[in-house]
Amino acid sequence: MSEWSRKHLLGLSEMSKEEIEAILDSAKAFKEISKRQVKKVPALRGKTVVNLFFEASTRTKTSFELAAKRLSADVVNFSSKGSSLEKGETILDTLRNLEAYSVDIFVIRHNHSKAPFYLSTRTQASVINAGDGLNEHPTQALLDMFTVRERLGKLKGLKVAIVGDILHSRVARSNIWGFSKFSSQVWVCAPPTLIPKYYSCLPVKITYSLKEALSGADVVIMLRVQKERQSQMFFPSQREYSEFFSLNEENAKLLKEHSLVMHPGPVNWDVEIASCLKEKVQNLILEQVNNGLAVRMAVLYLLSIGKKYEVGS
Amino acid sequence: MEYKEKSKIIDSQEICRALKRLAHQILEKNPNPANLALIGIQRRGVFLAKRIQDIISHIKHVDVPLGVIDITLYRDDLTAVGPAPLVRQTQIEFDISTKVVVLVDDVLYTGRTIRCALDEIMDFGRPKRIELAVLIDRGHRELPIRADFVGKNIPTASSEVVEVKVQELDGKDEVVILEKNNE
């Protein structure tokens, strides 16, 4: 693939392997920019990017904001808290009002699945999904894949184990779509209450045993236990969860020497990963943050430059 | 638009001679190669820069640092109609602020690529001087830019295309002129 023509980035499920590769290849070039004396390129000069966040976020929002600024775009941050949404404005009206400022890209996070898709059908601007409900979080999966490709040199034929709150994880879903397109086998591992029934229809292997998930895995993605979503009791106690599903010194021995341990952050130490492993795994988790910036720069660039086609047209 | 080959203007031997001449000219102007650095412009300029580096190391027994630059993000036509061009690697792993940088490209035409490269290099620091070496100068400048070292001047019509092929990418070394296929 030598050029890019997709207008929106809504999820990895609808993207081809070649498109994903194009983003990862570009991200490699964008990573270098952050090492320069002047960490800024003029590619998106005169473009306006709006971070439209209807749900709390620090990491993703900061990452997108910095990515846009390093490309010389103008950035506006919008959070639903303290906005007219509290006065009863609909999200579509909010979008239309902001669009009146000639916005080129909306980066949207919303607690309802498919909200970015809905908004993409009603705006002239490009839309990037920064996490929608329980559906997808494509840029997080892209940065995970970028990190894996950089460290292991390939994305094909790997065993990728995703451990933790699968039920509430859009990161898991995006990673499943992404990695399976490269013929890697994704395993999911969690207490049965945290794996939805429909997962048996996805291209994944399901296990309730952490041992089985870890043995021979090339990549382990430990998901955060989302305390804010634990109002219903999905497991008896945090202590019991960590007893069975946390990565510790003992079960880490099941991994290969080259195995990567990743985490989308923020880590609850001693819940998902034992704190005695902190020193071993922290570097890669911080590298993921750095790679996230490069991947988001690549996505912003590819979506905002040139003429695009609408999906389905 | 389709193009057909009109004529082959340089063969591999002549490319080899031209690069040797360029290397000698660069050394003549810069007698102290310790200050020298080469930066090749993606894609074919990179391979030409590498060959000039080899020739210099053969003559002077010094390894001149070599960088690679992709100018896509600095282009002045990025928002024009057409899909986004993919960005290739930029890699300058030495401090350019103490160096005389010789920029290397295959064809000098409008000068717009060189303008991009100059802007981009400045974002890496402040070199002592920047010089330009090109294999082919085909004229038709749109900016006040000229080359310090030219392999060969080739007068062309603006409807023609000058295509440099290198062994590393195209399987052979040659320069051809293409023209629009009107059939």
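We did not get these values from a lab; they are worked out from the coordinates using the rules stated. The shown structure was predicted, so the numbers you read here are calculated from the model rather than taken from an experiment. Glycine also receives a Cβ, built like all others from the backbone with ideal geometry; neighbour counts cover every protein chain displayed.
Find the percent of Cα-Cα distances in the range B:55-100 that exceed 16 Å, and round it to a whole number.
Distances greater than 16 Å cover 59 percent of the Cα pairs.
In nm, what is the difference between 0.36 nm times the number of residues separating A:LYS211 and A:LYS17 and their Cα-Cα distance?
66.8 nm
Counting alpha carbon pairs within less than 8 Å and at least 6 residues apart, what relative contact order, in whole percent, applies to the range A:138-288? Don't skip to the end; give the middle numbers.
On the way: 259 pairs, mean separation 36.9, N = 151.
Relative contact order of the range A:138-288: 24 percent.
Out of the chymotrypsin sites (Phe, Trp or Tyr not before Pro) in the range A:71-147, which ones are loop residues according to DSSP with at most 14 other C-beta atoms within 10 Å?
For chymotrypsin sites (Phe, Trp or Tyr not before Pro) across the range A:71-147 that sit outside H, G, I, E and B with at most 14 neighbouring Cβ atoms in 10 Å, the list reads A:TYR101.
Do you know the relative contact order of chain A, to the nearest whole percent, from alpha carbon pairs under 8 angstrom that are 6+ apart?
22
Take A:THR121, project a point 7 Å from its Cα along the Cβ direction, then tell me which residues of the range A:1-39 have their backbone nitrogen under 11 Å from it.
Counting only backbone N, you get no residues.
Express as a percent, rounded to the nearest 5, the fraction of DSSP beta bridges in the range B:22-116 (both residues included) that run antiparallel.
10
Calculate the all-directions average of the projected area of chain A's alpha-carbon convex hull, and give it in nm².
Across all orientations, chain A yields a mean hull projection of 16.6 nm².
Any idea what the relative contact order of chain B is, in percent, if you count C-alpha pairs under 8 Å spaced at least 6 apart?
Once normalised by length, the contact order is 28 percent.
For chain B, which span is the longest to avoid every loop-located (per DSSP) member of trypsin sites (Lys or Arg not before Pro) having at most 13 other Cβ atoms inside 10 Å?
B:1-127
Of all DSSP beta bridges located in chain B, what percent are antiparallel, nearest 5?
Details: 13 of 34 bridges.
Antiparallel bridges: around 40 percent, rounded to the nearest 5.
In nm, to one decimal, how far is the modelled label at A:CYS201 from the one at A:LYS154, with both set 7 Å along Cα→Cβ?
3.3
If I model a spin label as a point 7 Å beyond the Cα along the Cα-Cβ vector, how far apart are those points for A:THR193 and A:HIS112 in nm?
So the two model labels end up 2.9 nm from each other.
Kindly provide the pair-distance distribution of the range A:138-288 built from C-alpha pairs, with 5 Å bins from 0 and whole-percent values in order of increasing distance.
For the range A:138-288, the binned pair fractions read 2, 10, 21, 25, 23, 14, 5, 1, 0 percent.
Just the Cα atoms of the range B:1-159, one point each, no solvent: what log10 I(q)/I(0) does Debye give at q = 0.10, 0.14, 0.15 Å⁻¹?
-0.37, -0.72, -0.83
Going through the range A:66-151, which trypsin sites (Lys or Arg not before Pro) have at most 16 other Cβ atoms within 10 Å and a DSSP loop state?
Taking the range A:66-151 and a limit of 16 other Cβ atoms within 10 Å, the loop trypsin sites (Lys or Arg not before Pro) found are A:LYS81, A:LYS114, A:ARG122.
Counting DSSP beta bridges in chain A, what percent are antiparallel, to the nearest 5?
The antiparallel proportion sits near 5 percent.
A:PHE244 label point, 7 Å along Cα→Cβ, cut-off 19 Å on backbone N: hits in the range A:158-181?
A:162-169
Arrange the following residues from fewest to most other Cβ atoms within 10 Å of their Cβ: A:MET233, A:MET297, B:MET122, A:MET222.
A:MET233, B:MET122, A:MET222, A:MET297
To the nearest Å, what is the center-to-center distance of the range B:117-134 and the range B:137-158, using C-alpha atoms only?
The distance from the Cα centre of the range B:117-134 to that of the range B:137-158 comes to 19 Å.
So if we plug the beta-carbon distance of B:ASN32 and A:TYR101 into 1/(1 + (r/R0)^6) with R0 = 45 Å, what FRET efficiency do we get, rounded to 0.05?
0.25
Once the principal axes of the Cα atoms of the range B:105-183 are found, what is the range along each, listed largest first in whole angstroms?
50, 30, 20
What does the structure give for B:85-94 when I average, per residue, the other chain Cβ atoms found within 10 Å of the residue Cβ?
6
Contour minus end-to-end for A:GLU279 and A:THR58, with contour as 0.36 nm per residue of separation and end-to-end as the Cα-Cα distance?
Extra length available between A:GLU279 and A:THR58 comes to 77.2 nm.
Looking at the range B:3-103, which GluC sites (Glu not before Pro) are in a loop (DSSP not H, G, I, E or B) and have at most 16 other Cβ atoms within 10 Å?
B:GLU93
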